[in-house]
1. How do the peptides 388-399, 261-272 rank, highest first, by the average count of neighbouring beta carbon atoms within 10 Å per residue?
2. Can you tell me the length gained on complete extension of the stretch residue 620 to residue 525, counting 0.36 nm per residue apart and subtracting the Cα distance?
3. Please report the relative contact order for the chain, taking Cα pairs under 8 Å with a sequence separation of at least 6, and give it as a percent rounded to a whole number.
4. Taking Cα pairs under 8 Å and at least six residues apart, what relative contact order does the stretch 328-447 come out at, in percent?
5. Give the share of C-alpha pairs in each 20 angstrom bin for the chain, from 0 to the last occupied bin, in whole percents, shortest bins first.
6. Carbon and sulfur atoms: what percent of the 1.4 Å accessible area of the stretch 299-419 do they account for?
7. If you take the square roots of the eigenvalues of the alpha-carbon gyration tensor of the stretch 107-214 and sort them as a ≥ b ≥ c, do you get rounded (a/c under 1.5), prolate (a/b over b/c) or oblate?
8. Could you tell me what percent of the accessible area of the stretch 226-280 is made up of carbon and sulfur, with a 1.4 Å probe and every protein chain present?
Amino acid sequence: MIDRATVDKIMDAVNIVDVVGEFVNLRKAGVNYKGLCPFHDDKNPSFMVSPAKQICHCFTCGEGGNAVNFLMKHEQITYPEALRWLAKKYNIEIQERELTEEEKKEQNDRESMFIVNEWACQYFQDILNNDVDGQAIGKQYFRSRGIRDDIIKKFQLGFSLNKREALASEAHRKGYKDEFLIKTGLCIENERGIYDRFAGRAIFPWLNVSGKVVAFGGRKLDAATKGVQQKYVNSPDSEIYHKERELYGIYHAKKAIVKEDCVYMVEGYTDVIAMHQCGLENVVANSGTALSVYQIRLLRRFTQNIILLYDGDEAGIHAAIRGTDMLLQEGMNVKVMLWPDGEDPDSFARKHTAQQFKAYIDEHQTDFIQFKTDLLLKGVKDPIKRAEAINSIVRSISVIPDSIVRSAYITDCARRLEVDERTLISQTNKYIAGDREEQRKEAEREERQQETAATPDPIGLHTPQEQTAEVERLLIQQIIRHGDEVILEGLETQDGDFINMNVAQYVDYEFASDNLSFGDDLYNRILQEAVEHSNDKDFKSETYFTQHPDVELSQLATRLAVDNYQLGRGFEMKHTETGLRQRVEHLILDFRYIIVSERLKEINRELKTNPDKERMKELMTEFMDANKLFQQLGRQLGR
């Protein structure tokens, strides 16, 4: 467990721009920063990061919070894990006590799988560096590929002994359970027990964007053949690893991608490693999987410029064609370079410097129009086949979301292919119209499904319950934003003293006078904590709550800290038209007005159904008092 003093030290050291910038390409926007939201399919930057408030927020999907909240959501990790991540980043030492057996059992499966993977990664590295077979077979293989020791260490490369129970036996000795060895894919279970998936293989760990080990790739080696390649095997999908969502090398590449504003996409592990060793670090690989939308969106958070460096064989060409349209559709700027026979990034990087490598790419890369033209139209004389090829190129142009970029490509395509531009525009519009129609139909299908899944509320959007919830939300928003600000000065107490009252104290006083409370327990807790800390010397309500250790509370505070101030129908009010005190007073009046209104309705209902005369007299008296208060509140509110 991490003590409160250490948590405070971590939060004081955190710069949220640095933290979010590890995962999102941020651009300065006034006093804040903006980028593409990592929590939904964001086409236009809607994710705001405020260095002043140390919070982030997406104005489209609503996700956000402080640095801890962001890490928990983005990396799917626990609160303590997020704190450890930040402590490591800012070199803050954490003193933790040993977890009890009960606490260990409470660790969820995801955390346990990450722990097992991290241990396995260290185990494979230890075998590579310290075991006789690891050095003779594993390290010899990496050195035969020209991989330096510093690069081996950087990518945490390892070796698995050619014994089917070696890892499992060591894991048992260390206390790791079969359940998680199997769930991570490190071991396979059969009727005789469990055995190692990666036995006898050179190990390539997969690190996600934050540097956590999520999976492994293993290349089969054999001492008798002196390290000759036989085949790869990879971790299966699991709760912490989905191959279509990960990119090999992304953790080591992300800063270079942002710096260069460009990413190279290659095919394999050794291609990535060789380019790093050459000096080109903005490179990733999808390693044996077809390029997916998830991978593209992960890259687009860091750059919109991508160069595909694929083999010139049939498989490489097919991957480039398929990937080009997907990349264009996601708003990426695409270049393609196919390697000639006998070359790949691995072999080329070992023979050239970074400058020579980049110069070669610059000279031989083409945009997607030229790539498809060379591929589909080279030597083609048949007008039907030529038309099919041009249609394929136009189809690629049609998926580009930016109309200006699309128009520029149409003009360029018409010039290169010597086709009338109006013809290409017409065909492009047909494709776009067809796609939109398909999207419309899909939206209608989804809407029909939603309609059958849930019946809408016939009362509408502004029931008394909704009005109460809205007023409560706006009141707690004032407490979070301005709870420490004084709105009443020089109030004389019964003892003759003079005091000041801030927003939180004022709301608490007004609630206590009428025995009121929020319907939401979290709101009541916020009010209570704001009042308790009101006399603290450095208490700033917004900072206190947005940086609160309770994740649910801090996320709520962040949302309310960035929401535009807006009241519901019937009680609209703008910041510029009234002061803070008037806003708070108005909201408390609204709160009372709604409660009294509901109580009048309850009395009316009971009067109609209760035959007891004494009870009716009590109800009539209460009704008259409540109605008088209702009229008074209405006049104060101008209703």
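The values are calculated or read from the model by the stated rules, or taken from the named source; none is laboratory data. Computed from a prediction, not measured in an experiment: that's the story for all the values here. Here Cβ is always computed from backbone atoms with ideal geometry, including for glycine, and neighbour counts include all displayed protein chains. Accessible surface areas use protein heavy atoms only, side chains included; no ligands, DNA or RNA. Shrake-Rupley method; radii C 1.70, N 1.55, O 1.52, S 1.80 Å.
1. Numbers: 388-399: 19.5, 261-272: 23.8.
The peptides rank, most packed first, as 261-272, 388-399.
2. 30.6 nm
3. On the way: 857 pairs, mean separation 57.2, N = 639.
Dividing the mean separation by the residue count of the chain yields 9 percent.
4. Numbers: 67 pairs, mean separation 31.2, N = 120.
Answer for the stretch 328-447 is 26 percent.
5. Here the calculated profile for the chain is 15, 37, 31, 14, 3, 0.
6. 50
7. Working: a/c = 2.31, a/b = 1.36, b/c = 1.69.
Here the stretch 107-214 falls in the oblate category.
8. Details: 1090 of 2380 Å².
Solvent-exposed carbon and sulfur of the stretch 226-280 make up 46 percent of the total.
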